[in-house]
Structure formats: C-alpha cells, structure tokens
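Here's the structure, in structure tokens; my notes come after.
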Amino acid sequence: MENKIVVKNLNLYFDSSHILKDINLNIRANEILSIIGPANSGKTSFLRTLNRLNDQFHTVKITGNVYLDEKNIYGKDISLPWLRRRVGMVFALPVPLPRSIFENIVYGPRLNGVTSKVRLEELVEKT
C-alpha cells in the first residue's frame, strides 16, 4: 500500500522555540495513527502542519517537507482550499475561525468558488 502522507525532516519553530525536531513519518492510505504525548509536546502543532493552519501565525518557521499524494503541501503551487478539503481537523473544543464574522461566514462559499463580493454580501445578510 502506498503512502498517503510523507513527512521528511520536519522542524517547526514558534519565535525562538523549536517545537518539532526532525520529524519523519510515513502514513499509508486508510491507516489509523495515534499521536500521543504529554501536554504541550507539539501534538496539535504537528497536526496543524498537515493542513497548514500554522500559516496564520507570523512567528512560525517550518523547515522540511510534508507530502500529500506525492505533492509537497508547502510548495508554491499548492492551493490552500484544495489542501484543506483533503486534510481536515476536528478540535476538542469548537473554535471559530480566527477572522471577522463576515470572513468566517464567507469562508465556505469562497472554498466552493464564490468570488463575487455582491453574492458574498448577500449570503452574509441571509445568514
């Protein structure tokens, strides 16, 4: 069975803190994987690298490579909506998107190709 996700030499830094150090991992399609460890050991930070949720933090630096279906998810040609449709995350506590109410409401329609500002405003008003 081929690998679905491949992580090579992944390092994650928040400011001057080195959170993840040289992570290497192969995950096959339909494989069940558990990531366990003490609080604040980087479990959630690692998961957030798989769909690039850490990108929203300006103080984050990531080195190494993460591949989904042999595509480098940190490559310049990767579409974040494409990636996030394929790699989801369910949080223990519901957390709204860290944006304005307007941006949170139009997030889904934008992922589905709605780009008209007028149409997005209509959807927000309707909501």
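Out of Val87, Val66, Val106, I need the residue that is over 16 Å from the mean Cα position of the chain (by Cα) and surrounded by 10 or more Cβ atoms within 10 Å (Cβ to Cβ). Which one?
Numbers: Val87 fails: over 16 Å from the mean Cα position of the chain (by Cα); Val66 fails: over 16 Å from the mean Cα position of the chain (by Cα).
Criteria check complete, one pass: Val106.
Can you go through Arg84, Arg99, Arg110, Arg119 and tell me which one is basic (Lys, Arg) and at pLDDT below 85? Talk me through it step by step, then tell me what you get.
Numbers: Arg84 fails: at pLDDT below 85; Arg110 fails: at pLDDT below 85; Arg119 fails: at pLDDT below 85.
Going through Arg84, Arg99, Arg110, Arg119 in turn, just one is basic (Lys, Arg) and at pLDDT below 85: Arg99.
Checking Gly75 against (1) modelled with pLDDT of 90 or more; (2) farther than 29 Å from Tyr13 by Cα; (3) not aliphatic (A, V, I, L, M), only one condition comes out false. Which one?
Failing condition for Gly75: (2).
Okay, residues lined up against (1) touching a residue at least 60 places away in the same chain (Cβ under 8 Å); (2) within 21 Å of Val90 (Cα to Cα):
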site	(1), (2)
Tyr13	no, no
Lys21	no, no
Asn24	no, no
Arg28	no, yes
Pro38	no, yes
Ser45	no, yes
Thr49	no, yes
His58	no, no
Tyr67	yes, yes
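I'd like the full set of residues that are charged (D, E, K, R) and closer than 20 Å to Val87 by Cβ, limited to region 105-127.
So the first thing to find is which residues in region 105-127 are charged (D, E, K, R), and the list is 110, 117, 119, 121-122, 125-126.
Correct list: Arg110 only.
Just a yes or no: is a residue in region 105-117 part of a helix (DSSP H, G or I), touching a Leu at 6+ places or on another chain (Cβ under 6 Å), under 22 Å from Val7 (Cα atoms) and without any contact (Cβ under 8 Å) to a residue 60 or more places away in the chain?
no
The values are calculated or read from the model by the stated rules, or taken from the named source; none is laboratory data. Because the structure is predicted, anything quoted here is derived from the model rather than measured. When we count neighbours, we look across all protein chains shown, and the Cβ atoms used for this are built from the backbone with ideal geometry, even at glycine.
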